[in-house]
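Peer 1: First the structure, which I've put down as structure tokens, then a few questions once you've had a look.
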Amino acid sequence: MASWALVTGATAGIGESFTRLLAENNYNIVLVARDMPRLHERASQLQSQFNVQTHIIQADLSTDAGCAAVEEYITNNQIDVLINNAGFGINKAFTMSELKAEQEMFDVLVRTPMRLMHIVLPGMKQRNKGVVINVSSVAGYIAGGSYSAAKSYLTIISESLHTELAGTNVKISALCPGFTRTEFHQRGRMSMKGLPSFMWLNSDKLVAKAWSDAVKGKAVSIPGWQYQLLVFVIHSLPRSVIRRVGMNLRAKQRK
């Protein structure tokens with residue numbers, strides 16, 4: 001039976017890199033995103049370049065209907081790899097943002113990955129095989145508003161499930177990248193002008209490391225020496241310092 005991988009946020013950035021890496025590894029790909037023309041374009045490219053099958057799910061994962069559509073597909077089809085990658089960012093402080101936007105970000109970054117994992121994991125456990133990668137962020141280690149809080153959930157739930165499923169061949173991993181050259185910051189209207197060039201990561205390279213780490217059974221993947229060092233420093237400093245740094249960083253991005 002052919003193996004299938006499902007990738008949310010599959011048309012750009014880290015998600016698009018994952019679709020190519022998985023197709024190159026002979027997985028058929030289920031692409032989930034909002035933009036139907038880009039979904040068709042990416043699916044066509046994967047089919048022609050890697051000779052794999054594809055399936056498209058057009059879904060806005062900030063909505064109940066969008067999340068339910070993906071849940072239903074997983075319920076009715078065997079998924080061997082799940083990449084929870086869909087992103088969402090808000091370029092406002094929590095007390096200045098709209099509640100609707102905060103709820104939508106929560107639904108994309110927390111609600112949807114939780115529900116998709118809850119549905120896909122029983123089948124993976126039964127088959128004693130599967131990989132789940134949750135695209136989190138090093139932002140989850142700092143106190144940078146509700147985005148950091150949401151990413152912290154993804155990292156912690158991944159670590160918890162990694163421990164829970166340690167006696168199986170089901171692999172669970174959190175990918176915690178730093179700043180990556182994708183459309184994310186432009187879409188969120190975030191200012192990144194002050195960031196040194198060496199802090200930017202390449203999407204294809206970090207995805208390759210994330211996949212390698214997940215297959216090896218690592219609970220957390222932090223690509224890039226600069227971010228491995230950063231996380232080490234974060235764990236070494238008092239939380240009062242981390243809180244100030246995190247909020248200052250978020251404030252600079254809003255300028």
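The values are calculated or read from the model by the stated rules, or taken from the named source; none is laboratory data. Just so it is clear, the structure is predicted and the values come from calculations on it, not from any experiment. Heads up, the Cβs are rebuilt from the backbone with ideal geometry, glycines too, and the neighbour counts pull from every protein chain shown.
Peer 1: Check Asp60 against each of (1) surrounded by 15 or more Cβ atoms within 10 Å (Cβ to Cβ); (2) over 22 Å from Ile29 (Cβ atoms); (3) without any contact (Cβ under 8 Å) to a residue 40 or more places away in the chain; (4) not hydrophobic (A, V, I, L, M, F, W, C) and name the one condition it does not meet.
Peer 2: (2)
Peer 1: For the condition modelled with pLDDT of 95 or more, closer than 22 Å to Arg243 by Cβ and assigned to a helix (DSSP H, G or I), what is the one hit in Leu154, Leu121, Leu161?
Peer 2: Values: Leu121 fails: closer than 22 Å to Arg243 by Cβ; Leu161 fails: closer than 22 Å to Arg243 by Cβ.
It is Leu154.
Peer 1: Which residues, counting only those in the stretch 114-146, are within 13 Å of the chain's Cα centre (by Cα) and over 27 Å from Thr75 (Cβ atoms)? Steps first, answer last, please.
Peer 2: The first filter runs over the stretch 114-146 and keeps only residues within 13 Å of the chain's Cα centre (by Cα), leaving 114, 116-117, 132-140.
Passing the criteria: Ser137, Val138, Ala139, Gly140.
Peer 1: Within the stretch 81-90, does at least one residue satisfy the condition of being buried (at least 23 other Cβ atoms within 10 Å of the Cβ) and in contact with a Cys (Cβ under 6 Å, 6 or more places away or on another chain)?
Peer 2: No, the stretch 81-90 has no match at all.
Peer 1: Here are some residues: Ala143, Ala166. Which one is in contact (Cβ under 8 Å) with a residue 60 or more places away in the chain and surrounded by fewer than 20 Cβ atoms within 10 Å (Cβ to Cβ)?
Peer 2: Numbers: Ala166 fails: in contact (Cβ under 8 Å) with a residue 60 or more places away in the chain.
None of the others qualify; the one that does is Ala143.
Peer 1: If you don't mind, there's one more thing I want to ask. Could you identify the single residue in Asn134, Asn128 that is at pLDDT 95 or above, surrounded by 18 or more Cβ atoms within 10 Å (Cβ to Cβ) and touching a strand residue (DSSP E or B) at 6+ places or on another chain (Cβ under 9 Å)? Can you show your working first?
Peer 2: On the way: Asn128 fails: surrounded by 18 or more Cβ atoms within 10 Å (Cβ to Cβ).
Result: Asn134 is the single residue among Asn134, Asn128 that is at pLDDT 95 or above, surrounded by 18 or more Cβ atoms within 10 Å (Cβ to Cβ) and touching a strand residue (DSSP E or B) at 6+ places or on another chain (Cβ under 9 Å).
Peer 1: Among the helices (runs of 4 or more DSSP H) contained in the stretch 9-81, which hold 1 or more residues that are within 20 Å of Leu109 (Cβ to Cβ)?
Peer 2: On the way: elements: 13-24, 36-50, 64-76.
Result: 13-24, 64-76.
Peer 1: In this structure, does Asn84 turn out to be at pLDDT 95 or above, at positive phi and polar (S, T, N, Q)? Spell out the reasoning first.
Peer 2: Numbers: at pLDDT 95 or above: yes; at positive phi: no; polar (S, T, N, Q): yes.
No; evaluated as a whole, the condition is false for this residue.
Peer 1: Among the numbered criteria (1) under 18 Å from Lys151 (Cβ atoms); (2) at pLDDT 95 or above; (3) among the aliphatic types (A, V, I, L, M), which single criterion is violated by Ala93?
Peer 2: Only one criterion is unmet by Ala93, namely (2).
Peer 1: Taking Ser136, is it of a type in the set (Ser, Thr, Tyr) and over 27 Å from Tyr227 (Cβ atoms)? If you could, list the steps in order and put the result at the bottom.
Peer 2: Values: of a type in the set (Ser, Thr, Tyr): yes; over 27 Å from Tyr227 (Cβ atoms): no.
So Ser136 does not fit the description; no.
Peer 1: Tell me which helices (runs of 4 or more DSSP H) are completely within the stretch 189-255 and hold 3 or more residues being modelled with pLDDT of 80 or more, or say none if there are none. Steps first, please.
Peer 2: Working: elements: 203-216, 225-236, 239-253.
So the answer is 203-216.
Peer 1: Next question, about the same structure. Among the listed residues Asn77, Asn28, identify the single one that is more than 20 Å from the chain's Cα centre (by Cα) and surrounded by fewer than 22 Cβ atoms within 10 Å (Cβ to Cβ). Before you say what the answer is, go through the steps one by one.
Peer 2: Numbers: Asn28 fails: more than 20 Å from the chain's Cα centre (by Cα).
It is Asn77.
Peer 1: Continuing with this model, one more query. Just to be sure before I move on: is Ser148 in a helix (DSSP H, G or I), touching a residue at least 60 places away in the same chain (Cβ under 8 Å) and in contact with a Gly (Cβ under 7 Å, 6 or more places away or on another chain) in the structure I sent?
Peer 2: Numbers: in a helix (DSSP H, G or I): yes; touching a residue at least 60 places away in the same chain (Cβ under 8 Å): yes; in contact with a Gly (Cβ under 7 Å, 6 or more places away or on another chain): yes.
Criteria met by Ser148.
Peer 1: Looking at the stretch 55-74 only, could you name the residues that are within 9 Å of Val32 (Cβ to Cβ), β-branched (Val, Ile, Thr) and under 18 Å from the mean Cα position of the chain (by Cα)? Break it down into steps so the answer makes sense when it comes.
Peer 2: Residues of the stretch 55-74 that are within 9 Å of Val32 (Cβ to Cβ), as a first pass: 56-59, 61, 66, 69-70, 73.
Filter again for β-branched (Val, Ile, Thr), leaving 56-57, 70.
Answer for the stretch 55-74, where residues must be within 9 Å of Val32 (Cβ to Cβ), β-branched (Val, Ile, Thr) and under 18 Å from the mean Cα position of the chain (by Cα): Ile57, Val70.
Peer 1: Residues Ala139, Ala59: which one is of a type in the set (Gly, Ala, Ser) and at pLDDT below 95?
Peer 2: Numbers: Ala59 fails: at pLDDT below 95.
After applying the criteria, what remains is Ala139.
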